[in-house]
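Trainee: Structure incoming, see below.
The values are calculated or read from the model by the stated rules, or taken from the named source; none is laboratory data. Since we're looking at a predicted model, the values are computed, not measured. Methodologically, a virtual Cβ is constructed for each residue, glycine included, from the backbone with ideal geometry; neighbour enumeration extends over all protein chains shown.
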Amino acid sequence: MTPTSSPALKAPPAQSADRDVQLLHRAGEIGEELRAAVQRRIVGQQHIVDSILTAMMANGHVLLVGVPGLAKTLIISTLSEALHLKFNRIQFTPDLMPTDITGTEVIQEDKLTGERVFRFVPGPIFANIILADEINRTPPKTQAALLEAMQERDVTAAGQTYHLDPPFFVLATQNPIEQEGTYPLPEAQLDRFMFDLRIHYPDRDEEEKIATLTQEVQDIPIEPVVHGSEIIELQQLVRRTPVPPSIVSYAVRLARSTRPGGEEQANVAKRYISWGAGPRASQYLVLGAKARAVFRGAPMPTMQDIHDIAPSILAHRIVINFDGEAEGLSTRDVIDELLSESKRWI
């Protein structure tokens, strides 16, 4: 759902163009300031931080997958402080109910009249940044309540619809090594997430720095870098950013090339993919490239922007077939081969 246009967008073309130039310059500054803020607490993981910021500017949601102890929660909470937005963490458990997320109605007595009335008590979903911690630990019914809010930006309770204030981001985490007793998200629900980000172990130098820093007593404050109104304005700038037809054509072909049986299928798709990415992948490839360009302070995206975000957009939208699994290939191995093949199309 696109945020409501602000009065600034109704300015004459010349003033609007000048404002866009100012916003583009400001976007580059915000990117640097946010990265610096996160680096005060987090060692490494620069790619993860950049990808989260890109998704936020594109008004998308992110799924973070990584083993425990890789600072998934700390990255998100640090960003929420730097963004000066309302932040809520929801710890998903097997007994969590949908109303524990969305809110519920309670009976309240009017002290003056003695009349009892129903009053809606908003749940933790009513925030700007939601950390859905270990989303695969809760049953599908509760997962669906969150995913509906992600898609519609609305919550319905007792026949009444409540709008979630923008900006609204969901950053969900999953533990890939512990699957017993969990409820993995099906592919149709994974498609609601713009990015699937895999957090890997730090290298040796980074881990030594982490081990050293944790021995010290730390209370590192994070100063707000940007407010919600400015984020909405930047999201609108991303939508207005022009895209060359060649970039759109390449993004669409890249998504269509993952679909077996299609006229534009890639050779790697024919060999290893049983189910390809849908149209939402094409949309996110273009939108994500635009957001990435804005954060670089560039007036329009390039082919490299598509290449940089493609693995995180396609990874949870394709299904490897038996031959691929037999050869021990992951979705990202197949995507790497697909991107290499796609260079011949340019």
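Trainee: Of the residues in the stretch 310-346, how many are out of contact with any Leu (no Cβ under 7 Å at 6 or more places or on another chain), closer than 28 Å to Gly28 by Cα and aliphatic (A, V, I, L, M)?
Mentor: Residues flagged as out of contact with any Leu (no Cβ under 7 Å at 6 or more places or on another chain), closer than 28 Å to Gly28 by Cα and aliphatic (A, V, I, L, M) within the stretch 310-346 amount to 3.
Trainee: Sticking with this one: Please enumerate the residues belonging to the stretch 14-37 that are closer than 15 Å to Leu83 by Cβ and over 17 Å from the mean Cα position of the chain (by Cα).
Mentor: Matches in the stretch 14-37: Arg26, Ala27, Glu29, Ile30, Glu32, Glu33, Ala36, Ala37.
Trainee: If Gln304 satisfies every condition in (1) touching a residue at least 60 places away in the same chain (Cβ under 8 Å); (2) part of a helix (DSSP H, G or I) but one, which is the exception?
Mentor: (1)
Trainee: Next up: Quick check on the stretch 84-109: of everything there that is within 35 Å of the chain's Cα centre (by Cα) and of a type in the set (A, V, I, L, M), which residue is farthest from Met150 (Cα to Cα)? Don't jump to the end; show me each part of the working.
Mentor: Going through the stretch 84-109, the residues within 35 Å of the chain's Cα centre (by Cα) turn out to be 84-106.
Among the residues that remain, those that are also of a type in the set (A, V, I, L, M) are: 85, 90, 96-97, 101, 106.
Details: Leu85: 17, Ile90: 14, Leu96: 18, Met97: 17, Ile101: 12, Val106: 25 Å.
Ranking the qualifying residues of the stretch 84-109, first place goes to Val106.
Trainee: Another question, then. May I ask you to list pairs of residues, at least six apart or on different chains, whose Cβ atoms are under 6 Å apart, with the first in the stretch 40-69 being outside the structural domain of Phe295 (by TED's automatic domain parsing) and at negative phi and the second being part of a strand (DSSP E or B) and β-branched (Val, Ile, Thr)?
Mentor: If the second residue must be part of a strand (DSSP E or B) and β-branched (Val, Ile, Thr), the pairs left are Ile52/Val62; Ala55/Val62; His61/Val170; Leu64/Thr173.
Trainee: Which count do you get for residues in the stretch 104-147 that are basic (Lys, Arg), without any contact (Cβ under 8 Å) to a residue 12 or more places away in the chain and either within 20 Å of Phe87 (Cβ to Cβ) or in contact with a strand residue (DSSP E or B) (Cβ under 9 Å, 6 or more places away or on another chain) (or both)?
Mentor: 1
Trainee: Considering each of Gly288, Gly278 in turn, give the residue that is buried (at least 18 other Cβ atoms within 10 Å of the Cβ), touching a residue at least 40 places away in the same chain (Cβ under 8 Å) and closer than 29 Å to Ile335 by Cβ.
Mentor: Going through Gly288, Gly278 in turn, the sole match is Gly288.
Trainee: Quick check on the stretch 186-225: of everything there that is among the aliphatic types (A, V, I, L, M) and in a loop (DSSP other than H, G, I, E, B), which residue is farthest from Phe169 (Cα to Cα)?
Mentor: Among those residues, the one meeting the criterion is Val217.
Trainee: Take the stretch 58-100 and flag every residue that is modelled with pLDDT of 90 or more and touching a Phe, Trp or Tyr at 6+ places or on another chain (Cβ under 6 Å).
Mentor: The answer is His61, Val62, Leu63.
Trainee: Right, here's the next one. Name the residue, out of Ile222, Ile232, that is closer than 19 Å to Met194 by Cβ and β-branched (Val, Ile, Thr). Spell out the reasoning first.
Mentor: Details: Ile222 fails: closer than 19 Å to Met194 by Cβ.
Going through Ile222, Ile232 in turn, the sole match is Ile232.
Trainee: Of all the residues that make up the stretch 238-253, how many are under 17 Å from Asn59 (Cβ atoms) and assigned to a helix (DSSP H, G or I)? Before you say what the answer is, go through the steps one by one.
Mentor: The initial filter retains those residues of the stretch 238-253 that are under 17 Å from Asn59 (Cβ atoms), namely 238-241, 243.
This time we only want the ones that are assigned to a helix (DSSP H, G or I), so: 238-240.
Qualifying residue count for the region: 3.
Trainee: Within the stretch 256-268, track down each residue that is part of a helix (DSSP H, G or I) and free of Cβ contacts under 8 Å to residues at least 60 places away in the same chain.
Mentor: Within the stretch 256-268, Arg256 is the sole residue that qualifies.
Trainee: Can you find a residue that is within 28 Å of Ala310 (Cβ to Cβ), in contact (Cβ under 8 Å) with a residue 60 or more places away in the chain and assigned by TED's automatic domain parsing to the domain that holds Ile30 anywhere in the stretch 204-220?
Mentor: Taking every residue of the stretch 204-220 in turn, at least one turns out to be within 28 Å of Ala310 (Cβ to Cβ), in contact (Cβ under 8 Å) with a residue 60 or more places away in the chain and assigned by TED's automatic domain parsing to the domain that holds Ile30.
Trainee: Let me ask you something else. Going by the conditions given, is Leu112 under 19 Å from the mean Cα position of the chain (by Cα), farther than 25 Å from Pro167 by Cα and either part of a loop (DSSP other than H, G, I, E, B) or among the small types (Gly, Ala, Ser) (or both)?
Mentor: Spelling it out, it is not the case that Leu112 is under 19 Å from the mean Cα position of the chain (by Cα), farther than 25 Å from Pro167 by Cα and either part of a loop (DSSP other than H, G, I, E, B) or among the small types (Gly, Ala, Ser) (or both).
Trainee: Of all residues in the stretch 197-236, how many are surrounded by fewer than 15 Cβ atoms within 10 Å (Cβ to Cβ) and among the small types (Gly, Ala, Ser)?
Mentor: Result for the stretch 197-236: 2.
Trainee: In addition: Which one of these is outside any helix (DSSP H, G or I), among the basic types (Lys, Arg) and assigned by TED's automatic domain parsing to the domain that holds Val268: Arg344, Arg317, Arg292?
Mentor: Going through Arg344, Arg317, Arg292 in turn, the sole match is Arg317.
Trainee: Looking at Thr142, Thr161 in this structure, which one is of a type outside the set (D, E, K, R), surrounded by 14 or more Cβ atoms within 10 Å (Cβ to Cβ) and either over 17 Å from the mean Cα position of the chain (by Cα) or closer than 24 Å to Leu70 by Cβ (or both)?
Mentor: After applying the criteria, what remains is Thr142.
Trainee: Further question: For the stretch 226-237, give me each residue that is closer than 24 Å to Thr78 by Cα and in a helix (DSSP H, G or I).
Mentor: Answer for the stretch 226-237, where residues must be closer than 24 Å to Thr78 by Cα and in a helix (DSSP H, G or I): Gly228, Ser229, Glu230, Ile231, Ile232, Glu233, Leu234, Gln235.
Trainee: Go through the residues of the stretch 291-310 one by one and say whether even a single one is under 17 Å from His61 (Cα atoms), surrounded by 16 or more Cβ atoms within 10 Å (Cβ to Cβ) and touching a Ser or Thr at 6+ places or on another chain (Cβ under 6 Å).
Mentor: yes
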